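Chemist: Quick one: the structure is below, and I'll ask about it shortly.
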There are 2 protein chains.
Amino acid sequence: MTQGEAPPRTPRSRPTMREVAALAGVAIKTVSRVFNGVPTVDPAIVARVREAADKLGYRPNLTASSLRRGDGRTATIGMLVEDAANPFSAALTRTVENVARERGSLVLVGSLDEDPARERELAQALIDRRVDGLVIVPAGRDHSYLISEQRSGTCMVFVDREPSLLDADAVVSDNRQGAITAVDHLLKAGHRRIAYLGDRATISTAAQRFDGYRHALEVAHIAYDDELVHHTGASEEAAIDATRHVLALPDPPTALFTSQNLVTIGAVRALRALGRQHSVAHVGFDDFPLADILSPGISVIAQNIEQVGKTAAEMLFRRLDGDESAATTITVPTRLIERGSGEIRAGGHHD
Amino acid sequence: MTQGEAPPRTPRSRPTMREVAALAGVAIKTVSRVFNGVPTVDPAIVARVREAADKLGYRPNLTASSLRRGDGRTATIGMLVEDAANPFSAALTRTVENVARERGSLVLVGSLDEDPARERELAQALIDRRVDGLVIVPAGRDHSYLISEQRSGTCMVFVDREPSLLDADAVVSDNRQGAITAVDHLLKAGHRRIAYLGDRATISTAAQRFDGYRHALEVAHIAYDDELVHHTGASEEAAIDATRHVLALPDPPTALFTSQNLVTIGAVRALRALGRQHSVAHVGFDDFPLADILSPGISVIAQNIEQVGKTAAEMLFRRLDGDESAATTITVPTRLIERGSGEIRAGGHHD
DNA sequence: CGACGCTGAGACAACGTTGACTGGGCGAGA
DNA sequence: TCTCGCCCAGTCAACGTTGTCTCAGCGTCG
């Protein structure tokens, strides 16, 4: 099998309006009118054009169309998330996609892996493709590079974390209040030594949750103890180590507050490995699948991801529709889900 | 606040090469050369152009570029999955994105929700945006509508399920062999009555897994019993019902083979609700997070999603690079992960 | 019967960019 | 000194589409 044999290996490239027009015996502009649903075309000609288009397998070229069109819209929005594979990002992507679909738009996704350089690169790549707008879960702490894009008319909404050095819309969860709720819940169960295990404090959401933790302790007149606090980064292994470490202290915590998904799961693993899952109370930030099926079930502060994503996408499209009002940050409340682990009382077992 | 106040609300539209050229005092083509890294430009002019571009916040318009360019490539590929939010699709998307990124491409995603009409619509939407290629986890059973697109030069690779009525590349997991392995494993543990709970049999992967189940039983000379088989669809609730139902039979199964993720989780829930999780053996198809942390841990047939996604993306890019060889289907092996639930012996408890 | 308005279709240019070609300046070799 | 060729930047047209304008045909009304 060398190369010669394929006989009807057709033109190799996509048919254009010109070819459809030629086949239908009309002007190219008429084909354009047909595909844009302009009503002032003779039905007989519409039929002829459609037939010719079908025969050729013609599909309009939206990139050419958007280039020529007045508004230059591409009916495509960009979405930058931490990692398309993680459940939080995936759920967010899906809700944004749903809103976009209603508006006839598609979504270009990119994963940042918490790398600010990647954020810049991918944001540029999206802008170079002239997406109509951007939904960003930012990795970096300096978004001034987007100022000129914003001025050039690219709409953008930040999600989960607010923009820095840039004035733009944002939709975030109430991280601080969520953390306060979690810690209050543990305090109510009688705990006085509550450990904090969380992501790196440079990540703004982690910082807010940590702030909530400190605030709740302060209100309860409990002295802050550095030994009970570990900013581990988002990794199960590190969380396992940190959990083991705090539980091995001379005066160990009776309760854990873990402020991020993977940290929560690491803590769950460590507690089970130590056989302490029924004696150490535990509330995690972020819900996760099967949290209810473990024993004890893991109590969590759940974010309303659907509402966050939906709100963000709707904000973006409102901007695209011409809303010029001042940039806002919308805060979406979290809620506590009691499943057992957070209800273990100090100095005793859960029922 | 009516409308008049914003003072330097600049041009509102993006600067073009023309404007950069004007500011730098060169021809538009020279700007083009600079941004394309053509070496035959005086370094002093390069610097002047770059400076002008920076001052204006110029970013090249890739859609215009790809329109004019010979190959018409958009450096964008399309990816259609079942649901961007589910872990399988999300993991797949991410591996494809990784390969695409190396090639300077971005990924447009769309969720099909098992709806063939949506598959068509979204495939068309992607093609209308002139993606360079398509990675599809198909929802429908008739892909002939893609024949003309394929002939027009759009490359496509099917993932997880093979194309029907279309000759195209595919990358799939070895569903049948995986199911055989699962059932064999249960047979080895002494089980003779093994229930099958799975997705609708119209879904090809489900059909293949069911086929593996039947084959393994046949080889073991175990009569097929219709009562032990439920094609529930991919829903936890339905799986819970089906599990309860088979376990309530006069001659109930001693082991379950669940052929899909949500079905597996439903079965897990049902077994726990009945307190039977330590007496009924269980192997699921598809791994899921925290399967190891349950007790017993859930034994599964794990797909190698990363390899599937990577292989598919690489195939696609090989086609884009001009590979014209005949369409192939690549089968990626699965592997059994023993965690406890699948090792429960017939008529007894696991160690 | 002629001017007028309306309907429906084509001609032309332009969106932002790049491929193909042109042309001026300059150094080298005859 | 003249010519040839090279280097570098510019001109022009085109990618596939649509906005704007034009124009032919036809029915209407004074």
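Chemist: Can you tell me which residues in region B:146-160 are at pLDDT 95 or above and touching a helix residue (DSSP H, G or I) at 6+ places or on another chain (Cβ under 7 Å)?
Modeler: Those that are at pLDDT 95 or above and touching a helix residue (DSSP H, G or I) at 6+ places or on another chain (Cβ under 7 Å): B:146, B:155, B:156, B:157, B:159, B:160.
Chemist: I would also like to ask the following. Considering only region A:1-120, give the helices (runs of 4 or more DSSP H) lying wholly within it that have at least 1 residues that are within 12 Å of DNA strand C (Cβ to nearest atom). Step through it out loud before you land on a result.
Modeler: Details: elements: A:17-24, A:28-35, A:43-56, A:62-68, A:87-102.
Passing ranges, in order: A:17-24, A:28-35, A:43-56, A:62-68.
Chemist: Give region B:299-312 a look and list any residue that's more than 10 Å from every other protein chain (Cβ to nearest Cβ) and open to solvent by 10 Å² or more (accessible area, probe 1.4 Å), or say none.
Modeler: Listed by number, the residues that qualify are B:303, B:304, B:307, B:310, B:311.
Chemist: Right, something else. Please specify each residue of region A:313-351 satisfying the condition of being surrounded by 15 or more Cβ atoms within 10 Å (Cβ to Cβ) and among the charged types (D, E, K, R).
Modeler: Result: A:314, A:319, A:339, A:343, A:345.
Chemist: I would also like to ask the following. Only residues that are at the interface with another protein chain (Cβ under 8 Å from one of its Cβ atoms) and either open to solvent by 30 Å² or more (accessible area, probe 1.4 Å) or aliphatic (A, V, I, L, M) (or both): list them for region A:86-97, please.
Modeler: Matches in region A:86-97: A:86, A:87, A:90, A:91.
Chemist: To continue, here is another question. With the checklist (1) assigned to a loop (DSSP other than H, G, I, E, B); (2) open to solvent by less than 20 Å² (accessible area, probe 1.4 Å) in hand, flag the one item residue A:134 doesn't pass.
Modeler: Residue A:134 satisfies every listed condition except (1).
Chemist: Something else: Any idea which residue in region A:277-296 is farthest from residue B:236 (Cα to Cα), counting only those that are surrounded by fewer than 21 Cβ atoms within 10 Å (Cβ to Cβ) and modelled with pLDDT of 95 or more?
Modeler: A:279
Chemist: Would you point out the residue of region A:267-276, among those that are more than 11 Å from every other protein chain (Cβ to nearest Cβ) and either under 19 Å from residue A:334 (Cβ atoms) or of a type outside the set (A, V, I, L, M) (or both), that is surrounded by the most Cβ atoms within 10 Å (Cβ to Cβ)?
Modeler: Restricting to residues being more than 11 Å from every other protein chain (Cβ to nearest Cβ) and either under 19 Å from residue A:334 (Cβ atoms) or of a type outside the set (A, V, I, L, M) (or both), the top hit is A:267.
Chemist: Kindly indicate whether residue B:201 is touching a strand residue (DSSP E or B) at 6+ places or on another chain (Cβ under 6 Å), at pLDDT below 95 and within 23 Å of residue B:285 (Cβ to Cβ).
Modeler: In short, yes.
Chemist: Hey, another quick one. Given (1) modelled with pLDDT of 95 or more; (2) more than 11 Å from every other protein chain (Cβ to nearest Cβ), identify the lone condition not met by residue A:64.
Modeler: (2)
Chemist: May I ask you to list the residues in region B:308-327 that are in contact with a helix residue (DSSP H, G or I) (Cβ under 8 Å, 6 or more places away or on another chain) and either in the same structural domain as residue B:256 (by TED's automatic domain parsing) or of a type in the set (Val, Ile, Thr) (or both)?
Modeler: The one that is in contact with a helix residue (DSSP H, G or I) (Cβ under 8 Å, 6 or more places away or on another chain) and either in the same structural domain as residue B:256 (by TED's automatic domain parsing) or of a type in the set (Val, Ile, Thr) (or both): B:308.
Chemist: Please work out if residue A:102 is more than 9 Å from every other protein chain (Cβ to nearest Cβ), open to solvent by 50 Å² or more (accessible area, probe 1.4 Å) and either among the aromatic types (Phe, Trp, Tyr) or closer than 18 Å to residue B:83 by Cα (or both).
Modeler: So residue A:102 fits the description; yes.
The values are calculated or read from the model by the stated rules, or taken from the named source; none is laboratory data. Since this is a predicted model, take the numbers as computed values, not measurements. Reconstructed Cβ throughout: ideal geometry from the backbone, glycine too, with neighbour counts over all protein chains shown. SASA here: full protein model, heavy atoms, side chains in, ligands and nucleic acids out. Shrake-Rupley method; radii C 1.70, N 1.55, O 1.52, S 1.80 Å.
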